[in-house]
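Colleague: I'd like to ask some things about the structure below.
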Amino acid sequence: QEKVQQSPESLIVPEGAMVSLNCSFSDSASQSIWWYQQHPGKGPKALISIFSNGNKKEGRLTVYLNRASLHVSLHIKDSQPSDSAVYLCAVSGGSGTYQRFGTGTKLQVVP
Amino acid sequence: DTTVKQNPRYKLARVGKPVNLICSQTMNHDTMYWYQKKPNQAPKLLLFYYDKILNREADTFEKFQSSRPNNSFCSLYIGSAGLEYSAMYLCASSRLGGYAEQFFGPGTRLTVL
């Protein structure tokens, strides 16, 4: 079964800092990797996804995928207090019918 | 409208009693999922419907049932709740299965006493 591990477990950064979140997965056949953001009392919300090796940038977010090392990272530029949330990494199964989630990274951005 | 709704938001149940949770979406998504989320753990996939076909995870096969009477609604049924079922239950939907973005509801917090 696909295993998804995230690090760090939690992170506190000052406003304006660059944030780097990591995710490793076990199945090299995984087709897509998604990052979700979850605020307290709400369900996760998709932020960005990547399918191909390399990087993808959307606004303040950049995601890097290295299939050889089974690793993906999410970078948040110029972090804001509103970015404070839990960030979940999800990897699609080889069959593509579902996603496996990591335990998440809790981010706190302090003013 | 990209809303997934879940009812109830909070549920208190007694050990040994049944529990039925409801999820609805109006996005005409072909796939609907149920996850169990406990503190400091990853959301655990319990089961999902692709159209009318139910797929259940092997390790939770006998613990959870589900029905999808139409494209918009999906239920999660626990026949006899145990203390270990206390958790947040998240419903999600997507088009084209696991490759696509999943839209989540706010969750139902189940407490079993």
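Every number in this text was worked out from the coordinates using simple rules, so none of it is lab data. The shown structure was predicted, so the numbers you read here are calculated from the model rather than taken from an experiment. A quick note on method: Cβ atoms are made from the backbone with ideal geometry, for glycine too, and the neighbour counts reach across all protein chains shown.
Colleague: Hey, among B:Asn55, B:Asn20, B:Asn40, which residue is within 25 Å of A:Cys89 (Cβ to Cβ), touching a Phe, Trp or Tyr at 6+ places or on another chain (Cβ under 7 Å) and surrounded by fewer than 17 Cβ atoms within 10 Å (Cβ to Cβ)?
Modeller: Being within 25 Å of A:Cys89 (Cβ to Cβ), touching a Phe, Trp or Tyr at 6+ places or on another chain (Cβ under 7 Å) and surrounded by fewer than 17 Cβ atoms within 10 Å (Cβ to Cβ) holds for just one of B:Asn55, B:Asn20, B:Asn40, which is B:Asn55.
Colleague: Let me ask something else about it. Given A:Ile12, A:Ile48, which one is within 14 Å of chain B (Cβ to nearest Cβ), surrounded by fewer than 20 Cβ atoms within 10 Å (Cβ to Cβ) and part of a strand (DSSP E or B)?
Modeller: Answer to the selection: A:Ile48.
Colleague: Still on this structure, I have one more. Among the residues of region A:94-111, what is the count of those that are away from chain B (no Cβ under 14 Å) and assigned to a loop (DSSP other than H, G, I, E, B)?
Modeller: 1
Colleague: Just to be sure I understand, how many residues within region A:22-36 are more than 7 Å from every other protein chain (Cβ to nearest Cβ), surrounded by fewer than 21 Cβ atoms within 10 Å (Cβ to Cβ) and among the polar types (S, T, N, Q)?
Modeller: 4
Colleague: Determine which single condition B:Arg95 fails, assuming it passes every other condition in (1) under 20 Å from A:Ser49 (Cβ atoms); (2) facing chain A (nearest Cβ under 8 Å).
Modeller: So the condition that B:Arg95 fails would be (2).
Colleague: What number of residues in region A:64-93 are more than 14 Å from every other protein chain (Cβ to nearest Cβ), more than 8 Å from the chain's Cα centre (by Cα) and assigned to a strand (DSSP E or B)?
Modeller: Total meeting the criteria: 6.
Colleague: For region B:1-67, which strands (runs of 3 or more DSSP E) that fit wholly inside it have 2 or more residues that are of a type in the set (Val, Ile, Thr)?
Modeller: Answer list for region B:1-67: B:19-25.
Colleague: Within region A:52-65, does at least one residue satisfy the condition of being touching a residue at least 12 places away in the same chain (Cβ under 8 Å) and under 20 Å from B:Asn40 (Cβ atoms)?
Modeller: no
For (1) without any contact (Cβ under 8 Å) to a residue 40 or more places away in the chain; (2) within 11 Å of another protein chain (Cβ to nearest Cβ), each residue gets a yes or a no:
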site: B:Ile22; (1), (2): no, no
site: B:Gln65; (1), (2): yes, no
site: B:Tyr85; (1), (2): no, no
site: B:Tyr99; (1), (2): yes, yes
site: B:Arg109; (1), (2): no, yes
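Colleague: Of all residues in region A:52-63 being among the polar types (S, T, N, Q) and assigned to a strand (DSSP E or B), which is surrounded by the fewest Cβ atoms within 10 Å (Cβ to Cβ)?
Modeller: Step by step, filter region A:52-63, then rank; the result is A:Asn55.
Colleague: Run down B:Tyr89, B:Tyr77 and say which single residue is more than 9 Å from chain A (Cβ to nearest Cβ), touching a residue at least 60 places away in the same chain (Cβ under 8 Å) and within 10 Å of the chain's Cα centre (by Cα).
Modeller: Every option except B:Tyr89 fails the conditions.
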